[in-house]
Amino acid sequence: MGIVGLVIMFAPAIGPTLSGIIVEHLGWRYLFITVIPFALFSIGFAYKYLINVSEVTKPKIDVLSIVFSTIGFGGIVFGFSSVGNQEAGFLAPIVYISILVAVISLILFSFRQLKLEEPVLNIRVFKFPMYSLGVIMFVIIIMAMFASEIILPIFMQGPLALAAATAGLVLLPGSLLNGLMSPVMGRLFDKVGPRKLMIPATFVLSGTMFLMSRLNVDTPLWVIIVSYILLMISVSAIMMPAQTNGLNQLPKDLYPHGTAIMTTLQPVAGAIGVSAFIAIMNAKQNSVLAKETNPTDPIVISKAMVSGVELVYFIAFGFAVIAFIVSLFVYRAEPREMEELAQEE
């Protein structure tokens, strides 16, 4: 799982650095053009070398479950992604109606899964405490990481007036360490267990989020670099161990469902984190500008943006504290069979 973490997290972690260079020297369209050859290579590589390593089953696909899940997860992503485009923010009808419909759909989806003999997603995985705690920490970490990868470049290119490529390079050390540390954290997880990794890491993450909530135009670049390094090392010490420990408690027949839920939550949590934090930042910025006599003054605009960034990271600090509290209840999970759980109930 540490090696998997290297692959999964290294790509999005190094994305801001490469994106900054590409945008500055080639233009934003090449962000999409550059992906095309990699996508074509992946298709060809998978066609030639990818094989099934597990038993192939043919479960029934419940169409109504697919409809509910599509509306549910799609509605949440759409609703939160629309916040930044609406002056009313979360009070805009398109936002709260989308989120409300999505929540209702997910509730209906969940009830239906409990009634099906072959559920699309078996939500009974949440009966296992280490899996549930792992999901909570996983979602918080995804939100913190993805939001930081958007907020920090905005802050550096705005109030700090750095070029896109420079802003990307500032994030490079943290991004590289995040990828390199994932296999290390995997070995440490096997050796010392989850608690000795997660508790210190969530504590460091909380401190880092608080430090970043104090950012301003006078903040030296080295402070941002060190803060991002601490953030990304904390992410590598929390996310994959939390995911691994949670899956370890599941019986083998629930592995696919546990993995599928986390895989589903990753882009959803990322979209919610980015959209919500951007909306909060913009709302705070607009609130500050509304009180100024000269809201078009660049210095005033910079001050307003700093206020927005500070609020976002203070909220992220609150989520990090929740992750720290959750980590205190984590213990090394061992695989269990469904029969054992049924006997306990």
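Computed values, structure above
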quantity: Considering residues of region 94-108 that are at pLDDT 85 or above and not β-branched (Val, Ile, Thr) only, the residue surrounded by the fewest Cβ atoms within 10 Å (Cβ to Cβ); calculated: Leu100
quantity: When residues of region 324-345 are limited to those that are modelled with pLDDT of 75 or more and aliphatic (A, V, I, L, M), the one surrounded by the most Cβ atoms within 10 Å (Cβ to Cβ); calculated: Val330
quantity: Qualifying residue in region 42-49 (condition: assigned by TED's automatic domain parsing to the domain that holds Ile280, under 30 Å from Ala167 (Cβ atoms) and modelled with pLDDT of 85 or more); calculated: yes
quantity: So Phe73, is it within 30 Å of Gly186 (Cβ to Cβ), touching a Ser or Thr at 6+ places or on another chain (Cβ under 9 Å), in a helix (DSSP H, G or I) and modelled with pLDDT of 75 or more; calculated: yes
quantity: Search result, residues across region 280-323 that are of a type in the set (Val, Ile, Thr) and surrounded by 14 or more Cβ atoms within 10 Å (Cβ to Cβ); calculated: Ile280, Val288, Val300, Ile301, Val306, Val309, Val312, Ile315, Val321, Ile322
quantity: Leading residue by the ranking (surrounded by the most Cβ atoms within 10 Å (Cβ to Cβ)) among those in region 31-77 that are under 22 Å from Ala269 (Cβ atoms) and among the polar types (S, T, N, Q); calculated: Ser69
quantity: Arg124 vs. criteria in a helix (DSSP H, G or I), in contact with a Leu (Cβ under 8 Å, 6 or more places away or on another chain), under 19 Å from Pro256 (Cβ atoms) and without any contact (Cβ under 8 Å) to a residue 60 or more places away in the chain; calculated: no
quantity: Selection status of Leu64, assigned to a helix (DSSP H, G or I), in contact with a Lys or Arg (Cβ under 8 Å, 6 or more places away or on another chain) and either among the small types (Gly, Ala, Ser) or outside the structural domain of Ala316 (by TED's automatic domain parsing) (or both); calculated: yes
quantity: Any hit, region 185-206, residues being hydroxyl-bearing (Ser, Thr, Tyr), assigned by TED's automatic domain parsing to the domain that holds Ala242 and farther than 12 Å from Leu230 by Cα; calculated: no
quantity: All positions within region 164-180 that are in contact with a Leu (Cβ under 8 Å, 6 or more places away or on another chain) and surrounded by fewer than 18 Cβ atoms within 10 Å (Cβ to Cβ); calculated: Leu180
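The values are calculated or read from the model by the stated rules, or taken from the named source; none is laboratory data. These figures come from a predicted structure and were not determined experimentally. All Cβ positions, even for glycine, are placed from backbone atoms using ideal geometry, and neighbour counts span all protein chains on display.
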